[in-house]
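Chemist: There's a structure below that I have some questions on.
The values are calculated or read from the model by the stated rules, or taken from the named source; none is laboratory data. Since this is a predicted model, take the numbers as computed values, not measurements. FYI the Cβ positions are ideal-geometry reconstructions off the backbone, even for glycines, and counts take in every protein chain you see.
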Amino acid sequence: MNSEITSNYSAFLSGKTLKGSLFGGWKPKSDLLSLVNKYMNREIQVDEFITHNPPFEDINKAFTLMREGKCLQCVIHMPN
């Protein structure tokens with residue numbers, strides 16, 4: 001996927017900046033334990049954003065739903 005953005009250069013000349021963020025600013029290596037603890041202590045809600053719970057056999061369908069923007073969060077259930 002190739003994404004582009006456009007902007008007027010004068011905005012940058014007047015001091016405005018453009019910033020990007022991966023994982024919402026979280027650092028997976030150092031912040032993951034904190035995130036899990038917050039979830040376990042019910043400080044953050046995640047479950048209500050899960051829109052699909054397909055079994056592992058339907059993983060391709062799950063990817064299709066995500067690509068088409070038809071699901072917010074998909075949790076794949078793998079067999080034991």
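Chemist: Mind listing just one residue for me: the one in the range 19-45 that is among the hydrophobic types (A, V, I, L, M, F, W, C) and loosely packed, with under 10 Cβ neighbours inside 10 Å and, of those, farthest from the chain's Cα centre (by Cα)?
Modeler: Taking the candidates together, the pick is 40.
Chemist: Please verify whether residue 76 is surrounded by 10 or more Cβ atoms within 10 Å (Cβ to Cβ) and either free of Cβ contacts under 8 Å to residues at least 24 places away in the same chain or not basic (Lys, Arg) (or both), treating the condition exactly as stated.
Modeler: Numbers: surrounded by 10 or more Cβ atoms within 10 Å (Cβ to Cβ): yes; either free of Cβ contacts under 8 Å to residues at least 24 places away in the same chain or not basic (Lys, Arg) (or both): yes.
The answer is yes for residue 76.
Chemist: With the requirement that a residue be assigned to a helix (DSSP H, G or I) and among the polar types (S, T, N, Q), what does the range 62-79 give you? Don't jump to the end; show me each part of the working.
Modeler: Kept after step one, since they are assigned to a helix (DSSP H, G or I), are these residues of the range 62-79: 62-67.
Scanning the range 62-79 gives a single hit, 64.
Chemist: Now a separate question. Evaluate the following for residue 16: is it without any contact (Cβ under 8 Å) to a residue 40 or more places away in the chain, exposed (fewer than 12 other Cβ atoms within 10 Å of the Cβ) and under 14 Å from the mean Cα position of the chain (by Cα)? Write out each step before concluding.
Modeler: Numbers: without any contact (Cβ under 8 Å) to a residue 40 or more places away in the chain: yes; exposed (fewer than 12 other Cβ atoms within 10 Å of the Cβ): yes; under 14 Å from the mean Cα position of the chain (by Cα): no.
Considered against the rule, which asks whether it is without any contact (Cβ under 8 Å) to a residue 40 or more places away in the chain, exposed (fewer than 12 other Cβ atoms within 10 Å of the Cβ) and under 14 Å from the mean Cα position of the chain (by Cα), residue 16 comes out as no.
Chemist: Residue 69 passes all but one of (1) modelled with pLDDT under 85; (2) exposed (fewer than 10 other Cβ atoms within 10 Å of the Cβ); (3) of a type in the set (Gly, Ala, Ser); which number fails?
Modeler: Of (1) modelled with pLDDT under 85; (2) exposed (fewer than 10 other Cβ atoms within 10 Å of the Cβ); (3) of a type in the set (Gly, Ala, Ser), only one is false for residue 69: (1).
Here is a yes/no grid of residues against (1) touching a helix residue (DSSP H, G or I) at 6+ places or on another chain (Cβ under 7 Å); (2) part of a helix (DSSP H, G or I); (3) at pLDDT below 90:
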residue: 1; (1), (2), (3): no, no, yes
residue: 7; (1), (2), (3): no, no, yes
residue: 11; (1), (2), (3): no, yes, yes
residue: 17; (1), (2), (3): no, no, yes
residue: 30; (1), (2), (3): no, yes, yes
residue: 34; (1), (2), (3): no, yes, no
residue: 43; (1), (2), (3): no, no, no
residue: 57; (1), (2), (3): no, yes, no
residue: 60; (1), (2), (3): no, yes, no
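Chemist: Another one. Out of all the residues in the range 19-30, is one or more touching a strand residue (DSSP E or B) at 6+ places or on another chain (Cβ under 8 Å) and of a type in the set (A, V, I, L, M, F, W, C)?
Modeler: No, the range 19-30 contains no residue that is touching a strand residue (DSSP E or B) at 6+ places or on another chain (Cβ under 8 Å) and of a type in the set (A, V, I, L, M, F, W, C).
Chemist: Can you name every residue in the range 1-37 that is closer than 27 Å to residue 67 by Cα and small (Gly, Ala, Ser)?
Modeler: 3, 7, 20, 21, 24, 25, listed by residue number.
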